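The structure under discussion appears below in the form of structure tokens.
The values are calculated or read from the model by the stated rules, or taken from the named source; none is laboratory data. On a predicted model such as this, the values are computed, not experimentally measured, just so you know. Using ideal geometry, Cβ is built from the backbone for each residue, glycine included, and neighbour counts are taken over all protein chains shown. We work out accessible area using only protein heavy atoms, side chains counted, and drop any ligands, DNA or RNA first. Shrake-Rupley method; radii C 1.70, N 1.55, O 1.52, S 1.80 Å.
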Amino acid sequence: MLAPLQTGAARFSSYLLSRARKVLGSQLFSPCGVPEFCSLSTRKLAAHGFGASMAAMVSFPPQRYHYFLVLDFEATCDKPQIHPQEIIEFPILKLNGRTMEIESTFHMYVQPVVHPQLTPFCTELTGIIQAMVDGQPSLQQVLERVDEWMAKEGLLDPNVKSIFVTCGDWDLKVMLPGQCQYLGLPVADYFKQWINLKKMTARTLPTS
């Protein structure tokens, strides 16, 4: 998670986007086709109001993926940690793999059900207040909306290659499958592979 910038869909991090562009634009992908990388916290995907009109200012080498889907969840939390954690913000930013231009965004808040009341710690950490999640769709409903958005954006076309990008494995290895298991919900196949920008960045650091 990154420190909150703004409220709503515009809170996504420009730092994350610039880092994703830099790493994705300079790295070669594993020939096996299964990401070995990690994810970079996609938490504030479309920060400071920049949107689909913001194009990359540099040339990027050809990519094996047509689109990168930058993602970062916010979840219920406290000290000590509460269990189970529940996703309360579900943002996705669709980046063109060739131009690194933002082409579309998905953003929804999610109503927590096990711990419906956000803790002061959670609000301080995420910038999300109670009014943002009260009356919002359940995770099941949000996942249905994600699938509709993926279809509308052409991302379910078998000829279109896309992959999620996150910051660390927590979002798609721990948080989403864990909550889906708790609720008895299936996890779509497109959530089962992702690029871990942290590991990609670590692999590029010079060794002494």
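Couple of notes before you dig in:
- Every condition in (1) without any contact (Cβ under 8 Å) to a residue 60 or more places away in the chain; (2) of a type outside the set (Ser, Thr, Tyr); (3) touching a Gly at 6+ places or on another chain (Cβ under 8 Å) is met by Val160 except one, and the failing one is (1).
- Hits in the range 149-176 - residues which are over 14 Å from Lys94 (Cβ atoms), in a helix (DSSP H, G or I) and open to solvent by 40 Å² or more (accessible area, probe 1.4 Å): Trp170, Lys173, Val174
- Filter result for the condition that a residue is touching a strand residue (DSSP E or B) at 6+ places or on another chain (Cβ under 7 Å), surrounded by fewer than 19 Cβ atoms within 10 Å (Cβ to Cβ) and over 14 Å from Glu74 (Cα atoms), over Gln117, Gln136, Gln181: Gln136
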